[in-house]
Amino acid sequence: MGGKTDVWQGTLALMVLKTLQVIGPQHGYGLARRIEQTSGDLLELNYGTLYPALLKLEQEGYIRSRWGFSDNNRKAKFYELTKAGERQVRKAAAEWEQTTEILSRFLAPNAEA
Amino acid sequence: MNPLIAKMRALGLRLLCAPRNDGEFQAELESHLAMHTEDGVRAGLSPEEARRQALIRLGGMEQTRQAYRERRTLPWSEALLQDVRFGVRMMARNRGFTVAAIATLAIGIGATATAFTWVDAVLLQPLSGVSEPNRLVTLETVTSNGDWVPNSYLDFIDFRDRLTLFDGIAVSHVSAFSVGKEDHAERVWGELVSGNFFSVLGVKAEQGRTFLPSESGDVPGAYPVAVISDRYWRSHYGADPSVVGKTIRINQHELTIVGVAAPEFHGSIPVTSFDVWVPYMEQTVLNGVKEWMLRDRHDRNMLGIARLRPGVTFEQARLELKTLADRMAIANANVSEGMSATLMPLWKSPHGPQGLLVGPLRVLMGVCVLVLLIVCANVANLLLARATVREKEFSARLALGAGRGRIARQVLTESLLLTGCGAVLGFAMTPWMSHALRLLMPPGPMSSLVSMDTRPNLVVLGFTAGLCVAAALIAGLVPALQVSRLNLSARLNAGGRSGTAGRTRNRLRSTLVASEVALALVALVGAGLFARGFQQTLRLNPGFDPDHVLLNQFYLSTNGYNLAQRKEFCRRLEERMLAAPGVTDVAYSDGVPLGFEPSWWEELKIEGYAPRPNENMNIFRNVVSPGYLPLMHIPLVEGRNFTTQDNEHAPAVMIVNEAFVRRFFAGRNPVGKKIHGWGGWFRVVGVAKDSKYHYLGESTPAYFYVPFRQVFREDMNLAFYVRTKGDPDSALSMLRTQARAIDPNVTVFDAAPLKEFIGASLYPQKIAASLMTVLGSIAVLLAAVGLYSVMAYSVAQRTQEIGVRMALGAQPAHVLRMVVRQGLVLTVAGLVAGGALAIALGRTVASVSFTNSGMGANARLLGNGANDPLIYVAAALFLCAVAAIASYLPARRAASVDPMQALRTE
């Protein structure tokens, strides 16, 4: 089918932040599944790449983590947005929207007409 | 959060993160997999299959862990840490190598850093404690023939009031003060300064205040105030803040201390520390200088410092000054005809110790860099040799998949470790070496003044760190490149038996050795040239006899003596000393020949001589007692000497030197001719033989003498000479006793044998010659070590070949010759290159004059020996001999090789 798409470079961070903003604190596995769901299963996420990305966001101070228990009462590490993360979501989302809007003008049919 | 700050935060966390702490992530991964597997089981897979699927989706445990690790810390910092650890282990294992490399690096870096400390203090930041030193410049008057001289007070007033591109112009005049009550007075060096001095320099007071604008006027004797230095405040007042408002007794006059200058400020002359600053207008009170002298444009004794307005370029300011000075020269044609004025950077000022230091310092810096280069070549050689030994290790690492870059980085890290250790050691040595350099300062009254902040500062630290990195690159780059070019298959195929890989490396090392020899030759030739120049100068006849003469300088003005009292004091002291046992001659004068202090001149008009336009008629002079010429053993070639009858009431007389006669009288007998100076006419009564006046290397200038009693003035110095039959020091106690007998308040300061005192004039050459000799020896030693190591190495490499040769019938002598010849070929190649370099450098340095002041402008550091072929040949031969020995030792080992033994090795 080939319908599944790899995650574009640099967009994973925004997806993670946005998802955390919407669903609140979540562990890595839950996040991964949620991102796939949100994409309508169009995205094929390599779960292994998620953890370095989460670590990077944590190092940058956009998210923080703590150990807790999952729905099935399993010990898991939960991630949540920080204040800086909230701001970063808004900012990055706005930038991304602008970028796609510009790009779509180029790609729209009969753009010149 | 600012994205940049977020990035920095992440970077900091990664740097600080401990390398190993995988447990937590392992737990997180396990929990991830468990959840994923659970989901899979719920969807109907077997637990094994579910876990397999989960692992696939994860993309492998180990890969994920690796990616996580790389993100958590900085991989390169981890690698660096590994390199450093490995490097330290290697260094610890090869102690001999490590010690040799670090010691030579420490010497090279330490010497260069020391030289730089001085360069920094003298040239780069000449004045400490001033604000915005980059806008400060020295202001000098220029005589009609281009010499730089200080300024007169009237000129200063014109400059101060009329120039617009400056934020201020200040002047200062160095002066010795006697501080305290008569019976226990202490001599303190200070500056008589214009009232705006502190505000122009931007110096704040630590206690109290500096001079007020109301104290900056031009009214003689109206500002009885003083600012003292932090040093003096601490040593004499115990840092008591209540010192402000107290009185200080200077030259028997009471002045009010208004403030203490900021601790970093030492005065307006580089590397010199003053303790008291007094408004110049107090000169009339403190030194009894007559008011008209302050109004005399001839009296050029003020060093000028100007502050440029912000945004004004040096060139604009210089032009404005020149325009004004040229106009002034026309307006005051009677005294300033043909004169002008100019600006120069502070360090260029020809006055004070730095005037003498600039030349030698440049040479010193150059030689230090030379030595450092040789050191680097040596360390590079050692590293190359090590790299050969470690070829197996490197090959193994390459074979195991290490990147070439990684291995090259390892070598560079190691060389950086070496230079780092060397730099730390060398840096620790700089204060000591700086101090040692200070011991070379000339003796004399100024020596106590010379002070340098030898505490290493940030600039020096930065410079040393830069040197360290540069040295590491120079020394490590070649070996690193070599390693990264290591050919794995060739290495494995050759199996260490053939010489293909060795040959290129040998060529490399040979080049290094040849360049070392070249650099050593340059250093050696330099040392030879300077030493010879120094010797030549020492052999120069000063034209007077300084042996057995005790010199003492009196500061009678500091005792509140007026002019008549000073003359009377001299007359009586002369009388008493002449009566003392062992004393043959006594004399006194204003200036001391070949001294460290400036000499003065007078503008003359000479009867029957028409000066060319712009000819400089300011002729150097000395004011002497009748005993001066006989005491100095300067013979008269015509006419008569001064006598006691040539006093205030007698007609003014003058004695000129032979150069004077040649220049102004075309060699004809001048006795009886009339010459105008000091506002009156003098009659020439005699001609004295030429002697040296300012520098031994000078070409004799026209010079003249006038009688002390007729010309001596309040602002002149007083040097007192005693010639004894034996050791001049024996006359010192006599001089003390007799001086006290006349006036118990007169203190004898700074008495020294004249022979030692005149050493000051040799100072620049002495320092250049002795430093060059020391550094030259180090350079030769290092080059010899380098040569030896290369020869020893190449012999070791060729053991087998030599064994074959000998098995085939070669004689030991033959082998010996072959190896030595190889060493000599390298040496000769280096000598040719070095010779060319040395000749070029010698020519450049020879043209450097070590002083740029008006006196003795012809004195050169190198004398005229710059092209002496003997030195070049001798240096080359010496290096050849050293090279022969360095290659003979390994050659002998090679010749004693037992053929069977050699063939069996490997």
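What follows draws every value from the coordinates through simple rules; no lab data is involved. Note that the structure is a prediction, hence the values are computed from the model and not measured. For neighbour counting, all protein chains shown are included, and Cβ atoms are generated from backbone atoms with ideal geometry for every residue, glycine included.
The table below lists the values:
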| quantity | calculated |
| --- | --- |
| Nearest-0.05 FRET efficiency for residue B:79 and residue B:424, computed from C-beta distance (R0 22 Å) | 0.40 |
| 14 Å beta-carbon shell around residue B:204, net charge (K/R +1, D/E -1) | -3 |
| Region B:130-268 shape via C-alpha gyration tensor axes, a/c threshold 1.5 | prolate |
| Residues of type lysines that residue A:77 reaches as a straight line, Cα spacing below 29 Å, ignoring anything fewer than 8 places off in the same chain | A:4, A:18, A:56, A:91, B:7 |
| Placed amide H near residue B:639: partners under 5 Å, 5+ positions off or other chain | B:687 |
| Reciprocal mean inverse distance between Cα atoms of the protein assembly as shown - Kirkwood radius, Å | 35.6 Å |
| Volume in Å³ per residue [convex hull over Cα atoms, computed for region B:508-596] | 167 Å³ |
| Nitroxide proxy distance, nm - points 7 Å out along Cα→Cβ at residue B:30 and residue B:473 | 5.0 nm |
| Crossing angle, helix B:869-895 versus chain B [Cα axis fit, 0-90 degrees, rounded to tens] | 30 degrees |
| Stretch gain in nm, segment residue B:292-residue B:730, where the contour uses 0.36 nm per residue and the Cα spacing is subtracted | 153.5 nm |
| Average beta carbon contacts from partner chains per residue of B:3-13, 10 Å cutoff | 4 |
| Rounded FRET efficiency, nearest 0.05, which uses the C-beta distance separating residue A:21 from residue B:465 and R0 of 45 Å | 0.45 |
| Spacing of the two label points (7 Å from each Cα toward its C-beta) at residue B:817 and residue B:132, in nm | 7.6 nm |
| Vicinal HN-Hα couplings computed from phi for region B:238-249 (Karplus, 6.51 cos²θ - 1.76 cosθ + 1.60; Hz; Gly/Pro x) | x, 6, 7, x, 6, 5, 5, x, 6, 9, 10, 9 |
| Cα shape, region B:364-409, gyration tensor, a/c 1.5 rule | oblate |
| FRET efficiency for residue B:741 and residue B:564, using Cβ-Cβ distance with R0 set to 35 Å, rounded to 0.05 | 0.95 |
| Ascending count of other beta-carbon atoms within 10 Å, so fewest first, for B:266, B:676, B:236 | B:676, B:236, B:266 |
| Region B:5-125: relative contact order in percent, alpha carbon pairs under 8 Å with at least 6 residues between | 24 percent |
| Region B:619-748: C-alpha gyration tensor shape, a/c 1.5 cut-off, then a/b vs b/c | prolate |
| Region A:73-107 and region A:34-71: distance between their alpha carbon centers, rounded to Å | 12 Å |
| Residue exposure sequence - B:678, B:601, B:292 - by fewest surrounding Cβ within 10 Å | B:292, B:678, B:601 |
| Per-residue ³J(HN,Hα) for region B:820-830, Karplus 6.51 cos²θ - 1.76 cosθ + 1.60, θ = phi - 60°, Hz, x for Gly and Pro | 4, 4, 4, x, 6, 4, 4, 4, 4, 4, x |
| Cα centroid separation - region B:99-158 against region B:656-683, whole Å | 40 Å |
| Local electrostatic count at residue B:544 - Lys and Arg +1, Asp and Glu -1, tallied over other residues with Cβ under 13 Å | 0 |
| Rounded to 5, the percent of DSSP beta bridges in the protein assembly as shown classed as antiparallel | 80 percent |
| For the protein assembly as shown, calculated [θ]222 nm from helices alone, where every DSSP H run of n ≥ 4 adds -39500 (n - 2.57) | -17500 deg cm²/dmol |
| Gained length - residue B:547 relative to residue B:832, 0.36 nm times residue gap less alpha-carbon distance | 98.0 nm |
| Lysines with Cα under 17 Å of residue B:725, excluding same-chain neighbours fewer than 8 positions away | B:755 |
| Contact order normalised by residue count of chain A, Cα under 8 Å, 6+ apart, percent | 27 percent |
| Relative contact order (%) - criterion: Cα under 8 Å, at least six apart; region: chain B | 15 percent |
| Note, ³J(HN,Hα) from phi for region B:463-468, Karplus 6.51, -1.76, 1.60, rounded to Hz, x at Gly and Pro | 4, 5, 4, x, 4, 4 |
| Proxy reagent accessibility, fewest Cβ within 10 Å first, across B:140, B:756, B:254 | B:254, B:756, B:140 |
| Hydrodynamic radius by Kirkwood, which averages 1/r over all alpha carbon pairs of region B:18-145, in angstrom | 22.1 Å |
| Angle in degrees between helix A:28-38 and the longest Cα principal axis of chain A, rounded to the nearest 10 | 30 degrees |
| Local electrostatic count, residue B:101, Cβ distance below 13 Å [Lys/Arg +1, Asp/Glu -1] | +1 |
| Pair residue A:74, residue B:312: separation of 7 Å Cα→Cβ label points (nm) | 8.1 nm |
| For residues of A:82-88, the mean tally of beta carbons on other chains within 10 Å | 2 |
| Rg/Rh for region B:253-351, where both radii come from Cα atoms and Rh is the Kirkwood radius | 1.01 |
